[in-house]
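These notes are about the structure you will find just below.
The values are calculated or read from the model by the stated rules, or taken from the named source; none is laboratory data. Quick caveat, the model's predicted, so the values are computed rather than measured. Every residue, glycine as well, gets a Cβ built from its backbone with ideal geometry; the counts of neighbours run over all protein chains shown. Note: accessible area is taken over every heavy atom of the protein model, side chains too, but ligands, DNA and RNA are not part of it. Shrake-Rupley method; radii C 1.70, N 1.55, O 1.52, S 1.80 Å.
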2 protein chains.
Amino acid sequence: MEEHLLEVAARRFASAGYRQTTLDDIARHAGVAKASMYRYFENKQELLAKIFLRVADTLARSLRPLRTAPLPPDEKLRRTVQELLRTIGENVALFTVFYSEEADLPARLQAEVAEVRQRFMADLEGILREGVSQGVFRPVNARLVVYAIIGMCAWLHKWYLPGRERLEEVTAAFVELIERGCLAVRGTREKDRLADQLRHLQELLGTLATQVEHLEQGSPARR
Amino acid sequence: MEEHLLEVAARRFASAGYRQTTLDDIARHAGVAKASMYRYFENKQELLAKIFLRVADTLARSLRPLRTAPLPPDEKLRRTVQELLRTIGENVALFTVFYSEEADLPARLQAEVAEVRQRFMADLEGILREGVSQGVFRPVNARLVVYAIIGMCAWLHKWYLPGRERLEEVTAAFVELIERGCLAVRGTREKDRLADQLRHLQELLGTLATQVEHLEQGSPARR
């Protein structure tokens, strides 16, 4: 029930704005008596607070473990982006409130939310730095790339319509964009391999050319 | 003066929210008498409308010409991203209002703003498609990449602090990320060039090997 009320409240806040939404309004849309809502929330601000805590908790639970998972940094980055997009895509209303209504949170909670955000950014930055130091990523400005990735993913709440887009498709496109943007690996490794082969062949060719020259000098009649 | 009032209003709306800001408040922060504000705006909603029209106009003026400029698509994309980031970075308050307070616009203006956004997205998508068809970009899902680019750039208004970040640095990092993410060119072209050289050398080598074989058969004494 609390879950249901949070979801309905988030949808109302997201579409009409927090200040413009009343508890009556939420109760009506949730199909419950206003009186019974008070079992779960003392007032509208507590509802807002719970929405923020829910989002913060979801972010922390789904993303924190990736930071220290025994995976290479490019795989960590891939999964972080996938998780972030999945989390936002499945909770568009909650994230719309999360990204728009922070001004109405009590100060203590604002600080708490800021901390969750900082931690998430620091985790993502850590993954990028790890990748750069291992040579998996090119030497990016990790802090700015974090902002780019978060912006790209967070913006999802502004345009994503589950009926119109397939989240898997969005995720695949974004992951590909970010990976190609960050990875030092793929292109370079193949280029290095080709360059090595080329060098090897050029040496062989040099040897062969010398050989041919010697042979030709040895049999001038064949000219 | 109108310019100054728009800027002050945008800053107040951005920090306190449109609904929570009064004309008195704006007049005080702008250092003008409220009465003299009425020469420029009939009411608060007209102020909001002018902010939106200003942003829409800025976007249109700075970005539309790029669509049809006589430039290759990768250069168009680069300049579009640069222009978008510069425009947002130099007008953070205006864009904060633009991205947060649309619900309070009169319906007619909402439609107008939606059209400017659609046009901008269509232009950007056109550039991407052009690049894909020319083989400059890899075959991306242009519509999704447009959302990714806009999200990445639009998010700037949430975190960019002119004193802390240098806009040129942000732009360079984002352009690099997007270019590497989209371009088929750099990596591939160099790879193609290397692969061509390799093929050419292998042919030469084959010819030389045949030649050597013939020469050796022709001068068995030298074995």
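Scanning the range A:127-185 for residues that are among the small types (G, A, S), more than 23 Å from B:L85 (Cα to Cα) and either under 11 Å from the mean Cα position of the chain (by Cα) or buried (at least 16 other Cβ atoms within 10 Å of the Cβ) (or both) yields A:G131, A:A184.
Scanning the range A:151-165 for residues that are within 7 Å of chain B (Cβ to nearest Cβ) and within 10 Å of B:M152 (Cα to Cα) yields A:G151, A:M152, A:A154, A:W155. Go over the candidates A:R64, A:R12 one by one and state the one that is among the basic types (K, R) and at pLDDT 90 or above. None of the others qualify; the one that does is A:R12. Annotation: A:A103 fulfils all but one of (1) within 11 Å of another protein chain (Cβ to nearest Cβ); (2) surrounded by 15 or more Cβ atoms within 10 Å (Cβ to Cβ); (3) of a type in the set (A, V, I, L, M); the unmet one is (2).
Using the structure shown, decide if B:V97 is within 13 Å of another protein chain (Cβ to nearest Cβ) and not in a helix (DSSP H, G or I). So B:V97 does not fit the description; no. Scoring A:R86 on the criteria (1) within 21 Å of B:V145 (Cα to Cα); (2) open to solvent by less than 70 Å² (accessible area, probe 1.4 Å) leaves a single failure, condition (2).
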